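See structure below.
The values are calculated or read from the model by the stated rules, or taken from the named source; none is laboratory data. None of the values given here were measured: they were computed from a predicted structure. Reconstructed Cβ throughout: ideal geometry from the backbone, glycine too, with neighbour counts over all protein chains shown. The accessibility values were calculated without ligands, DNA or RNA, using every heavy atom of the protein model including side chains. Shrake-Rupley method; radii C 1.70, N 1.55, O 1.52, S 1.80 Å.
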Amino acid sequence: QELEPSSTTAKEAHKRETIILGKQYGQQGQFERALQQFAAVLKDYPNDVPTMLDKGLTLTFMSRFDEARTVLEQAEALQPQNSLVHGYLGDIAEEQGKLEESVQQYQRAIQLTPPGSPALPPLQTKLALVLGSQYLNQGKLGEARREYEKVLAAEPKNSVARFKLAKVYHDLGDLPRSEEMLKSLLADNPSDLATKLRLGTLYLEQGNL
């Protein structure tokens, strides 16, 4: 038996179908079509926070960070205790180079995430990476090393932490450990030009022509 189109059940089913289709488009990289689906839902349900999150995440993937921030801040106003909102805002702030804001958003997301949740370790890793970059920019090499080593304790193959840590070891004068870190990166990704350049520069500094 078909549902009346105007019934609550039919409307909810249509809403779910539209959201699922939007997610599918997003997974396929069809971001504009995904946005159309989420916009259609938000037209009828303007305060639907999960759909706001989907729209904000899609805009982030498209590097439309200001638009994504606007959507997510609206979601934050509706659900200030939503850890996902703060995590996504932390991602945007990091992309825009606003490290202090990113730290604050990740810290808030971690506070709101229950202990033992599978969402907690990725947030802790993101926070450590941003703190490491912040300390590195400030010339606080010991603090930066601590944060990057914290990341590698949880994710030994994290390429960002290894690349940054190689610089920290270099600036601390520990050239053998810097070389070891760069060589481990190249072992995993032999075509990584940035790592090749840094390793070549390190060899030049050592007179290893």
One residue is enough: does region 182-204 have a residue meeting the conditions of a type in the set (D, E), over 17 Å from G87 (Cβ atoms) and within 19 Å of the chain's Cα centre (by Cα)? no
Over region 16-31, the set of residues in a helix (DSSP H, G or I) and either free of Cβ contacts under 8 Å to residues at least 12 places away in the same chain or of a type in the set (S, T, Y) (or both) is R16, E17, T18, I20, Q24, Y25, Q27
Would you mind stating whether I19 is modelled with pLDDT under 95 and crowded, with 16+ Cβ neighbours inside 10 Å? yes
Among the residues of region 84-93, is any closer than 21 Å to Y135 by Cα and among the charged types (D, E, K, R)? yes
Of the residues in region 49-76 that are among the charged types (D, E, K, R) and in contact (Cβ under 8 Å) with a residue 12 or more places away in the chain, the one that is surrounded by the most Cβ atoms within 10 Å (Cβ to Cβ) is K55
Qualifying positions in region 84-121 - open to solvent by less than 40 Å² (accessible area, probe 1.4 Å), under 17 Å from T60 (Cα atoms) and in contact with a Ser or Thr (Cβ under 7 Å, 6 or more places away or on another chain): G90, D91, I92, A93, L99
Please give the number of the condition R33 fails out of (1) more than 22 Å from E95 (Cβ to Cβ); (2) of a type outside the set (S, T, N, Q); (3) modelled with pLDDT under 95. (3)
